[in-house]
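Asker: Have a look at this one before I ask anything.
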Amino acid sequence: MALFDLPLDQLRSYHPSLPAPADFDVFWEKTLAETREHDLAARFEPVDTGLSGVDVLDVTFSGYGGHPVKGWLILPANASEPLPAVVEYIGYGGGRGLPHMHLLWASAGFAHFVMDSRGQGSGGWAEGGTADPVGSGPAYPGYMTRGIEDPHDYYYRRLMTDAVRAVEAARAHPLVDAARTAVTGVSQGGGLTVAVGGLVPDLAAIAPDVPFLCDFPRAITLTDRMPYREIGGYLQARRADPAKILKTLSYFDGVHFAARGTAPALFSTALEDQTCPPSTVFAAFNAYAGADKTIEVYDFNGHEGGGPYQQAVQLRWLPGRLRAGREG
């Protein structure tokens, strides 16, 4: 795929006219307050995986609505003091998978919390174990349009709330240093990372890779790739009012979360990415409120982004941000 979006110099100055809903902050404050009425009830159960270099804990905690959410906590073997932590969110359609799929951060000396994505994990690449007990009206196949006609019912209200609670669950473990906690993820995981960066004020760092869920109005009209195309498919069949759908999506747009994020941030994008077009990523990056922010640009890559090269960048970048937490 050749370059298809704005030239890089225009991407670096791209600021869409995208006002947040007047009650955006109230909506999320109320959502999180209602969720916190349920006990976090984080449970950590040791798992024998046959891996000698790490200790693995099977995690269950209460997410949106008090619903049980699964995860893994992977620790360097025999850790005895609180560690800097990385909370990771999974890409679209995937679940938490198996522990040996997630060895990078523990190998580097971090506590690594991997959150399962409710209702996902049956797409063939990473199994999930978390149900989504909330139903919705008619929806296009996938997750993007479940409950899309009302922000209170929208699927990503639940998933983003789970993502905030995952940070709280990770911090509840005695071997996690709450002051040195970062969040990261690729694609959908990157979108959740940006959201949590705007909803959790005391993170030490965020590292969203090729993030999804940003600048919805541009994304759904610029690309015909899934998952954004699910929204177009829904509108094609339902003849719903596009303004109403965009109103719902505005409560979940990474651009608005970014405008509220202050932790040091390392973004990435790829200029041939048709799944999460670079202009949508730059819309969030350019809106990001934190002063310590940088973006890695992969000129000739698609949605795979930098892959292991971006992980190498993170391994160089993150330790300095987590050395002393937000107070350092």
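Asker: Out of the residues in the range 1-18 that are touching a residue at least 12 places away in the same chain (Cβ under 8 Å) and loosely packed, with under 11 Cβ neighbours inside 10 Å, state the one that is farthest from PRO217 (Cα to Cα).
Answerer: Applying the filter and picking the extreme gives ALA2.
Asker: Of the numbered conditions (1) within 18 Å of ALA163 (Cα to Cα); (2) out of contact with any Phe, Trp or Tyr (no Cβ under 7 Å at 6 or more places or on another chain), GLY190 satisfies every one except a single condition; which is it?
Answerer: Going through the list (1) within 18 Å of ALA163 (Cα to Cα); (2) out of contact with any Phe, Trp or Tyr (no Cβ under 7 Å at 6 or more places or on another chain), GLY190 breaks only (2).
Asker: In the range 294-317, what residues are of a type in the set (A, V, I, L, M, F, W, C) and over 14 Å from LEU266 (Cα atoms)? First the steps, then the outcome.
Answerer: To start, the set of residues in the range 294-317 that are of a type in the set (A, V, I, L, M, F, W, C) comprises 295, 297, 300, 312-313, 315, 317.
Once the filter is applied, which keeps residues that are of a type in the set (A, V, I, L, M, F, W, C) and over 14 Å from LEU266 (Cα atoms), the range 294-317 yields only PHE300.
Asker: Got a sec? Which helices (runs of 4 or more DSSP H) wholly within the range 166-270 have at least 2 residues that are among the aromatic types (Phe, Trp, Tyr) and open to solvent by less than 20 Å² (accessible area, probe 1.4 Å)?
Answerer: Filter on the range 166-270 gives 228-238.
Asker: Does the range 301-321 hold any residues that are surrounded by fewer than 23 Cβ atoms within 10 Å (Cβ to Cβ) and either in contact with a helix residue (DSSP H, G or I) (Cβ under 6 Å, 6 or more places away or on another chain) or at pLDDT below 95 (or both), and which are they?
Answerer: Those that are surrounded by fewer than 23 Cβ atoms within 10 Å (Cβ to Cβ) and either in contact with a helix residue (DSSP H, G or I) (Cβ under 6 Å, 6 or more places away or on another chain) or at pLDDT below 95 (or both): PRO319, GLY320.
Asker: Cβ contacts < 8 Å: first residue at negative phi, restricted to the range 119-130; second residue among the aromatic types (Phe, Trp, Tyr), any location; separation 6+ or different chain. Result?
Answerer: Going by the 8 Å Cβ cut-off, the qualifying pairs are GLN120/TYR92; GLN120/TYR143.
Asker: Same structure, new question: State whether the residues of the range 166-180 include one that is closer than 30 Å to ASN301 by Cα and either aliphatic (A, V, I, L, M) or in contact with a strand residue (DSSP E or B) (Cβ under 6 Å, 6 or more places away or on another chain) (or both). Break it down into steps so the answer makes sense when it comes.
Answerer: So the first thing to find is which residues in the range 166-180 are closer than 30 Å to ASN301 by Cα, and the list is none.
Scanning the range 166-180, I find no residue that is closer than 30 Å to ASN301 by Cα and either aliphatic (A, V, I, L, M) or in contact with a strand residue (DSSP E or B) (Cβ under 6 Å, 6 or more places away or on another chain) (or both), so the answer is no.
Asker: Among the residues of the range 274-289, which ones are in contact with a helix residue (DSSP H, G or I) (Cβ under 8 Å, 6 or more places away or on another chain) and not polar (S, T, N, Q)? Break it down into steps so the answer makes sense when it comes.
Answerer: Keep residues of the range 274-289 that are in contact with a helix residue (DSSP H, G or I) (Cβ under 8 Å, 6 or more places away or on another chain), which gives 275-280, 282-285, 287-289.
CYS276, PRO277, PRO278, PHE282, ALA283, ALA284, PHE285, ALA287, TYR288, ALA289 - these are the residues of the range 274-289 that are in contact with a helix residue (DSSP H, G or I) (Cβ under 8 Å, 6 or more places away or on another chain) and not polar (S, T, N, Q).
Asker: Considering (1) within 21 Å of the chain's Cα centre (by Cα); (2) closer than 26 Å to VAL164 by Cβ, say which one ILE245 fails and leave the rest.
Answerer: Going through (1) within 21 Å of the chain's Cα centre (by Cα); (2) closer than 26 Å to VAL164 by Cβ one by one, ILE245 breaks only (1).
Asker: Taking into account only those residues within the range 274-300 that are crowded, with 19+ Cβ neighbours inside 10 Å and aliphatic (A, V, I, L, M), which is farthest from SER250 (Cα to Cα)?
Answerer: In this case the residue turns out to be ILE295.
Asker: Just checking: which of the strands (runs of 3 or more DSSP E) contained wholly in the range 14-81 hold 2 or more residues that are within 20 Å of the chain's Cα centre (by Cα)? Please lay out each step first, then the result.
Answerer: On the way: elements: 43-47, 54-62, 68-76.
So the answer is 54-62, 68-76.
Asker: Mind checking which residues of the range 126-165 are modelled with pLDDT of 95 or more, touching a Gly at 6+ places or on another chain (Cβ under 6 Å) and open to solvent by 50 Å² or more (accessible area, probe 1.4 Å)?
Answerer: If the condition is that a residue be modelled with pLDDT of 95 or more, touching a Gly at 6+ places or on another chain (Cβ under 6 Å) and open to solvent by 50 Å² or more (accessible area, probe 1.4 Å), then ASP153 is the only one that fits.
Asker: Can you say whether ALA77 is under 19 Å from ALA131 (Cα atoms), at pLDDT 95 or above and loosely packed, with under 15 Cβ neighbours inside 10 Å, as far as the supplied structure shows?
Answerer: Working: under 19 Å from ALA131 (Cα atoms): no; at pLDDT 95 or above: yes; loosely packed, with under 15 Cβ neighbours inside 10 Å: yes.
Against the criterion (under 19 Å from ALA131 (Cα atoms), at pLDDT 95 or above and loosely packed, with under 15 Cβ neighbours inside 10 Å), ALA77 does not qualify.
Asker: Could you tell me whether any residue of the range 104-125 is surrounded by fewer than 20 Cβ atoms within 10 Å (Cβ to Cβ), at pLDDT below 95, of a type in the set (Ser, Thr, Tyr) and not in a strand (DSSP E or B)?
Answerer: Yes, the range 104-125 contains a residue that is surrounded by fewer than 20 Cβ atoms within 10 Å (Cβ to Cβ), at pLDDT below 95, of a type in the set (Ser, Thr, Tyr) and not in a strand (DSSP E or B).
The values are calculated or read from the model by the stated rules, or taken from the named source; none is laboratory data. The shown structure was predicted, so the numbers you read here are calculated from the model rather than taken from an experiment. Because the Cβ atoms are built from the backbone with ideal geometry, glycine has one as well, and the counts that use them run over all protein chains shown. Surface accessibility is based on the protein's heavy atoms, side chains included, excluding ligands, DNA and RNA. Shrake-Rupley method; radii C 1.70, N 1.55, O 1.52, S 1.80 Å.
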